[in-house]
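In what follows, a single structure is set out as structure tokens and then discussed.
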Amino acid sequence: MPISDTNMTEDILNEEQTRANRLQAIRDAGIDPYPARCEHKQTLAEAKSAAEGAKVTVAGRLVSQREMGKLCFSHLQDFSGRLQIAVSEKELGKDAYKFFTKNIDLGDFLSVEGEMFVTHKGETSILAKKYTLIAKSLLPLPEKFHGLSNVEVRYRQRYLDLLANEEAMNIAKMRSVLVREIRKYFDGRDFYEVETPVLQSLYGGANAKPFITHHNALDIDLFLRVAPELFLKRLMVGGFEKVYELGKCFRNEGIDNNHNPEFSQVEAYWAYADYHDMMGLIEDLMPKLITAAGLPLKFETLGHEVDFTPPYPRQTMREIIKQYAKIDIEDYPDQPSMYKAAIKLKVEGIEKNTGRGKLIDEIYKAYARPKIINPIFMTDHPIELSPLAKRKTDNPNYAERFQLLCVGGNEMCNAFSELNDPLDQEARLKDQEALRKLGDEEGMRYDEDFITALKHGMPPTAGLGMGIDRLVKLLANADNLKEVILFPTLKPENK
């Protein structure tokens, strides 16, 4: 361990012992350091806006302390902001003032009663008439509350990151605002919010490898859902016409700047609509989300200026690949020819039995995705890539599907005209099972009950999936998905 780390550890241990001693002194004085309730009438922001001389009762964490003889200036912080308090021997008495300076530490939570005044330097403050310890902190705040830069510590101990870094708290607040705005949007358009199983006996709805768990009482393996799609479509069969679900999905995949095994998304289904209608919905929704995040429609993110002023251009996947990879996928109509093209293009991560659809997708990812900056609808994916989407009437080799892409091809959402032909769906899911047997771990499973549901009839329906994490990452100008997930998946520390 480097010397600096050793010294830091020793300092923390010494500080912890000092605080433990103070905790005992507080208890010896007959004071409960963790009372169940406290006096709290105003937030710090409300107190700060009160008139001079007004009586206030506030609560918050002590984040700074400056002693000047018989007067101590400190700052409290709550969710609304910071406010200075002046603690003096004259107002509190000798014993109470001495107790404050000897036993109260940075990080402690206090309730303070007093009246508002303005210091000679013009700072709005509370002159404390009474203080009460409401929670004793036994460990020091990070780097004396002046910042926290160690990325590993920030992600593993997010509570310290939120305390020390204003940007981390701002991102967390933005995420909450965006989730609320998404719910508001769909609720306002008569969509019903519903819940579907997270534990499923058969996973489906996306090409992904699942997490597997075991239910002891039933003695069966269960899967954490990779998507809620197939259950939401069952609801459309059952008579719902507009539904959405906002929740967690789980995919047993790698972790990088754009992927976390546990992620949040919203899925929405709209009867008697198609993917063109859903494009219109996205062009209406995105500006509202950007505005709710406090941004203009043209803003800087991830090293680029992007303009989300609708309408967004529409370009087929075939056209995009032709533009950037300089090949026409129509010239490679089967798996062997497409595999040879991918090898010639030096596409990585493919095998001799990789399906044609995945080969096309990997070519797109290698050549086109990094070049995309401004928002664009990539439409009409090859049918092999879209086992749950309706075929295009004028060309059944392609699906009525789109993705909204921007800044390095980040996929902001994915949408289809949903496949409601049960026989076509049955054949495609069986094709997916065949790919799984050839080694494609992300192939979908054949879901007999879902096919049975479709055979009872599902109306023409448009479906949408939008990742919350990537949306926040884009709007927060964060370079890593871990920045926008409060508790990202991490490898356990080797202690």
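The values are calculated or read from the model by the stated rules, or taken from the named source; none is laboratory data. Just so it is clear, the model here is predicted, and its values are computed rather than measured. Because the Cβ atoms are built from the backbone with ideal geometry, glycine has one as well, and the counts that use them run over all protein chains shown.
Some notes on this structure:
- Of all residues in region 34-80 being basic (K, R) and more than 15 Å from E123 (Cα to Cα), the one that is surrounded by the most Cβ atoms within 10 Å (Cβ to Cβ): R61
- Checking each residue of region 459-469 against the condition of being surrounded by fewer than 17 Cβ atoms within 10 Å (Cβ to Cβ), under 27 Å from Y185 (Cβ atoms) and modelled with pLDDT of 95 or more gives at least one match.
- Residue within region 299-320 that is free of Cβ contacts under 8 Å to residues at least 40 places away in the same chain and of a type in the set (K, R) present: no
- Residues in region 210-265 that are among the basic types (K, R) and within 23 Å of K365 (Cα to Cα): R251 only.
- From A51, A20, A96, residue being part of a helix (DSSP H, G or I) and more than 16 Å from K136 (Cα to Cα): A96
- The selection criterion, being at pLDDT below 95, more than 13 Å from I320 (Cβ to Cβ) and buried (at least 17 other Cβ atoms within 10 Å of the Cβ), holds for G443.
- Scanning region 23-47 for residues that are more than 37 Å from the chain's Cα centre (by Cα) and either assigned to a loop (DSSP other than H, G, I, E, B) or modelled with pLDDT under 95 (or both) returns A29, G30, I31, D32.
- For region 198-241, the candidate set comprises residues that are over 24 Å from K430 (Cβ atoms) and among the charged types (D, E, K, R); within that set, the residue that is nearest to the chain's Cα centre (by Cα) is E241.
- Subset of region 59-99 [more than 18 Å from V118 (Cβ to Cβ) and of a type in the set (V, I, T)]: V63
- Selection count, region 178-204, where residues are in contact with a strand residue (DSSP E or B) (Cβ under 8 Å, 6 or more places away or on another chain), surrounded by 12 or more Cβ atoms within 10 Å (Cβ to Cβ) and in a loop (DSSP other than H, G, I, E, B): 8
- Taking the conditions (1) touching a residue at least 40 places away in the same chain (Cβ under 8 Å); (2) assigned to a strand (DSSP E or B) in turn, N207 satisfies each one other than (2).
- Any hit, region 245-256, residues being in a loop (DSSP other than H, G, I, E, B), free of Cβ contacts under 8 Å to residues at least 12 places away in the same chain and of a type in the set (G, A, S): yes
- Residue match in region 379-398 (condition: of a type outside the set (K, R), under 30 Å from F299 (Cβ atoms) and either modelled with pLDDT under 95 or part of a strand (DSSP E or B) (or both)): yes
- Test: T489 is outside the structural domain of D274 (by TED's automatic domain parsing) and not acidic (D, E): yes
- Among the residues listed as K130, K136, the single one being exposed (fewer than 14 other Cβ atoms within 10 Å of the Cβ) and modelled with pLDDT of 95 or more: K130
Yes/no per residue for (1) of a type in the set (G, A, S); (2) modelled with pLDDT of 95 or more; (3) on the phi > 0 side of the Ramachandran plot:
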residue	(1), (2), (3)
D284	no, yes, no
T291	no, yes, no
Q315	no, yes, no
K326	no, yes, yes
E330	no, yes, no
P336	no, yes, no
V347	no, yes, no
G357	yes, no, no
Y364	no, yes, no
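- Taking each residue of region 48-75 that is assigned by TED's automatic domain parsing to the domain that holds L92 and modelled with pLDDT under 95 and looking for partners that are among the acidic types (D, E) and outside any strand (DSSP E or B) with beta-carbon atoms closer than 6 Å, six or more apart or interchain, yields K70/E89.
- Residues within region 152-177 that are hydrophobic (A, V, I, L, M, F, W, C) and more than 16 Å from the chain's Cα centre (by Cα), tallied: 4
- Between A399, A453, A415, the distinction of being surrounded by 15 or more Cβ atoms within 10 Å (Cβ to Cβ) and closer than 17 Å to E267 by Cα belongs to A415 only.
- Residue that is nearest to the chain's Cα centre (by Cα) [pool: residues in region 56-72 that are part of a strand (DSSP E or B) and farther than 19 Å from S137 by Cα]: T57
- R180 being under 20 Å from N257 (Cα atoms), assigned by TED's automatic domain parsing to the domain that holds L235 and either free of Cβ contacts under 8 Å to residues at least 12 places away in the same chain or under 19 Å from the mean Cα position of the chain (by Cα) (or both): no
- Figure legend. Inter-residue proximity from region 347-367: first residues surrounded by 20 or more Cβ atoms within 10 Å (Cβ to Cβ), second residues of a type in the set (F, W, Y), beta-carbon distance below 7 Å, spacing 6+ or different chains. Indicated pairs: T354/Y339; L359/Y339.
- The sole residue among L404, L388 that is touching a Cys at 6+ places or on another chain (Cβ under 6 Å) and in contact (Cβ under 8 Å) with a residue 60 or more places away in the chain is L404.
- Among the conditions (1) more than 30 Å from M174 (Cα to Cα); (2) touching a Pro at 6+ places or on another chain (Cβ under 9 Å); (3) not acidic (D, E), L481 misses just one, which is (1).
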